[in-house]
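Scroll down for the structure; my scribbles are underneath it.
The values are calculated or read from the model by the stated rules, or taken from the named source; none is laboratory data. Model, not experiment: these values are computed from the prediction. Counting neighbours? That spans all protein chains shown, and the Cβs are built from the backbone with ideal geometry, glycine included.
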Amino acid sequence: MGFSKQGFETSGGFQDNQFQQPSSQLPNTLTIVSADDERVYYNATTSGRLNPGEQADLVDAEQPDTVTNTTASGSTAQGGSDTFRFTGQITALTLNGGPARVLINGRTVNPATIPDTAPANATTASLTIPSPERETTSYPQATIDVSGAIALDERGLRARFREHRLDGRFGATTNTTARQAELRTTATHIESRIVRLRERQSTVITAYNNGSLSDQEFLRSLARIDKAADGLATATDRVAARASSIPKSSINGQPAARWARNKQIELNPLQGPVRNRIAQTLRGNSTEPINIPSNLDRIAPTPNERLEPLSVYIETSQHGIVLAMVDGGQYYREASLLGQRNATGSALNTTNAVRTQVGALYPWATNNSAYTGLSTDRKTRLAQYTLSHDHGQLTTLLNQSSGRVIAEKQRKSLSRMPTATSLMAAEKSFQLWVNRTYPTGPLDISLMTPEGQPVKGTIAINDRPIEQTGEDGQLWTITPAETLTIVAQANGETIRIRIPPRPYSNRSPNRIESG
């Protein structure tokens, strides 16, 4: 077996060794300790200078430590530790692998409190679950589910019934006071439903974390929550439309249109593009090569269509969830950390403060946006910011009381996604090419002959279901947060490579940890 490019292992056991001369002249120390018998992989950035310290292993580790003036990356030994000396402040620290302790000048610190906002030069930042708080990671496949589809349709019918009931009661009287009372009653019901739906999502995440829900049950529950949130968003618009016929009408002291917009902001963490595609898959609509009228619900494929399972990457914490997938040439990702709703910190009291914070958290997206949109809610202290950028679209929801991100949705075109330097391993009849982005980001895997012709084969990534490359020899999937092991089989031959979860290049986007 052969290889090209450095930084990953094939079955031949190749390692990328780099040498640096240690220095102990800098005043501060950063120590990363493996708290178990697993390696800890890390990437650290300082606002000043950073040099290897006494315990930094520049040669013998599985991922030798690398120091380049202001950054350090590498891995500890199993049960070992690495130390670095630095000036200034640690501005970014990401950890993967086993459990870890972090000490700055001998004092234990919580890694999640170190903001990871290193500039991203090539694509958007992403809201992440801090690795110490991650409880589950999986990559299940959603498939057609008739009972699940029926449950979704029942929710839709109930939502439409409530809309018609409001229309009927509103139209049954011309009395302004009675109409205003009916709107307030409906608005109160919607608000209580939003609270219950938020509680429902927390319950579902807890049940999934403790093993009470299977992957399929979890995906089905998320689709139901998404459907219910869509129904409530539509209901808020209906209330606002009815209120427009009443002069000077208001709901809870707000103009009805503003109330509706604010409620839809609250619903943001409960719905998203990945959940919507899960719902479509439950109905059997996972592939639609021909145009289907948007108002037509169906629970079966039409002629000339082929049902395909939908692979969804899942990460959860106690109160958070990250979903990611690729579909139809697009990458979709949604993240929700509802525990940040009650966080406190540096308040964002003006729209300019919100814009400044978004610019700090998402520098690349801010600098490459053709359109931005901002909505704020003084009552809930939530701010929703949308950026349409060169790769797609980003919507982020911030807690104005703390400046922390609560939820985020992203859509990117795969054809526009930048990747790190390609990695390649080869057997006699075919080559395996790997183009990486960042953990939970798109992963491009290709099989081809030495002459560059596409090869159909199977791809196994970690413990995920086996997938196949297409006629073009390509497979787009999601990069795991942990060590990446890829086994490719074609023409009776097998290639296996193992890639540590290291930052892939200085073009990798930053992680926004709001744990």
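When the residues of the stretch 322-343 are narrowed to those that are among the charged types (D, E, K, R) and at pLDDT 90 or above, which ends up nearest to ASN268 (Cα to Cα)?
GLU334
Against the definition (without any contact (Cβ under 8 Å) to a residue 24 or more places away in the chain and of a type in the set (D, E, K, R)), how does GLU334 come out, yes or no?
no
Go through the stretch 413-441 and report how many residues are crowded, with 23+ Cβ neighbours inside 10 Å, outside any loop (DSSP other than H, G, I, E, B) and either within 12 Å of the chain's Cα centre (by Cα) or of a type in the set (Gly, Ala, Ser) (or both).
1
Step by step: first the residues of the stretch 211-229, then only those that are free of Cβ contacts under 8 Å to residues at least 60 places away in the same chain and of a type outside the set (A, V, I, L, M), then the one that is surrounded by the most Cβ atoms within 10 Å (Cβ to Cβ). Which residue is that?
Restricting to residues being free of Cβ contacts under 8 Å to residues at least 60 places away in the same chain and of a type outside the set (A, V, I, L, M), the top hit is ASP226.
Hey, any hits in the stretch 159-169 for a residue that's assigned by TED's automatic domain parsing to the domain that holds THR281, surrounded by fewer than 16 Cβ atoms within 10 Å (Cβ to Cβ) and modelled with pLDDT of 65 or more?
no
Quick test for you: out of GLN393, GLN384, GLN318, pick the one residue that is closer than 29 Å to GLU191 by Cβ, buried (at least 22 other Cβ atoms within 10 Å of the Cβ) and not assigned by TED's automatic domain parsing to the domain that holds GLU199.
Being closer than 29 Å to GLU191 by Cβ, buried (at least 22 other Cβ atoms within 10 Å of the Cβ) and not assigned by TED's automatic domain parsing to the domain that holds GLU199 holds for just one of GLN393, GLN384, GLN318, which is GLN384.
So which residues in the stretch 355-381 are touching a Ser or Thr at 6+ places or on another chain (Cβ under 7 Å), surrounded by 15 or more Cβ atoms within 10 Å (Cβ to Cβ) and not small (Gly, Ala, Ser), if there are any at all?
Within the stretch 355-381, VAL358, LEU361, TYR362, TRP364, THR372, THR376, ARG381 qualify.
Going by the structure shown, is SER311 closer than 18 Å to GLN410 by Cα, surrounded by fewer than 22 Cβ atoms within 10 Å (Cβ to Cβ) and modelled with pLDDT of 50 or more?
Taking the combined requirement at face value, the residue satisfies it.
Checking the condition of a type outside the set (Val, Ile, Thr), more than 22 Å from LEU95 (Cβ to Cβ) and at pLDDT 70 or above, which residue from PRO52, PRO27 passes?
PRO27
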